[in-house]
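In what follows, a structure is listed as structure tokens, so that the remarks can point back to it.
The values are calculated or read from the model by the stated rules, or taken from the named source; none is laboratory data. Being a predicted model, the structure only gives us computed values, none of them experimental. Positions of Cβ are generated from backbone atoms using ideal geometry, with glycine treated the same way; all protein chains shown enter the neighbour counts.
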Amino acid sequence: MARLNLEVVTPEKIVVSEDIDTMVAPGSLGEFGILEGHAPFLTGIIPGELRYSLNDKAQYISVTSGFAEISNDKISVLVDAAEMSHEIDAERAAAARDRAQQRLADKSKKEDIDFLRAEIALKRALMRIKVSEKKV
Ligand code: ATP
């Protein structure tokens, strides 16, 4: 099939640029799916798992924040960071999770802004660990 073109781009690199059949992504208004012929649309992307399939084979990507544009069967996802599941360093993510949990445990000594940063970092780390377990 392969009737959609998907590009996932960060400030550092092009993570994916290929023709695919379907995609499901974490939108700011909820998870959304894209098939061929979808109406044009623009949405925010929140940290989570983006998955796509080609010939019934699924691929998983961890994404952080950004936005996605869908137009003429082309999907452009621009996010701060993204990694294919096999690119995720699970030990690094576990270390990031432990650091964030430590900061949250110390929260009484910290400013609110640090608490929020630690919570967001923890979410990113947990999301990376989850996606890394989906190696294909
Ligand atoms: P860390 O504390 O481990 O740096 P982080 O959540 O602060 O994690 P980000 O700021 O989201 O990291 O990402 C910085 C860069 O490092 C991005 O290019 C991102 O793709 C990459 N990256 C972050 N964590 C991992 C990981 N566990 N495996 C592979 N690449 C990662």
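Got a sec? Which strands (runs of 3 or more DSSP E) wholly within the range 1-76 have at least 1 residues that are in contact with a helix residue (DSSP H, G or I) (Cβ under 9 Å, 6 or more places away or on another chain) and of a type in the set (Ser, Thr, Tyr)? Step through it out loud before you land on a result.
Numbers: elements: 4-9, 14-20, 22-27, 30-34, 41-45, 48-54, 57-63, 66-71.
Per the criteria, 57-63.
If I filter the range 62-79 for residues that are of a type in the set (Asp, Glu), more than 16 Å from the ligand (Cβ to nearest atom) and either touching a His at 6+ places or on another chain (Cβ under 9 Å) or in contact (Cβ under 8 Å) with a residue 40 or more places away in the chain (or both), do I get at least one hit?
Going through the range 62-79, the residues of a type in the set (Asp, Glu) turn out to be 69, 73.
Retained after the next criterion (residues that are more than 16 Å from the ligand (Cβ to nearest atom)): 69, 73.
Cutting the leftovers down to either touching a His at 6+ places or on another chain (Cβ under 9 Å) or in contact (Cβ under 8 Å) with a residue 40 or more places away in the chain (or both) gives us 73.
The answer is yes; a qualifying residue exists.
Select, from ASP73, ASP56, the only residue that is in the same structural domain as PRO26 (by TED's automatic domain parsing), at pLDDT below 95 and acidic (Asp, Glu).
ASP56
With the requirement that a residue be among the hydrophobic types (A, V, I, L, M, F, W, C) and either more than 16 Å from the ligand (Cβ to nearest atom) or not assigned by TED's automatic domain parsing to the domain that holds VAL77 (or both), what does the range 1-24 give you?
Passing the criteria: MET1, ALA2, LEU4, LEU6, ILE20, MET23, VAL24.
Looking only at the range 33-52, count every residue that is closer than 10 Å to VAL79 by Cβ and of a type in the set (Ser, Thr, Tyr) and tell me the total.
0
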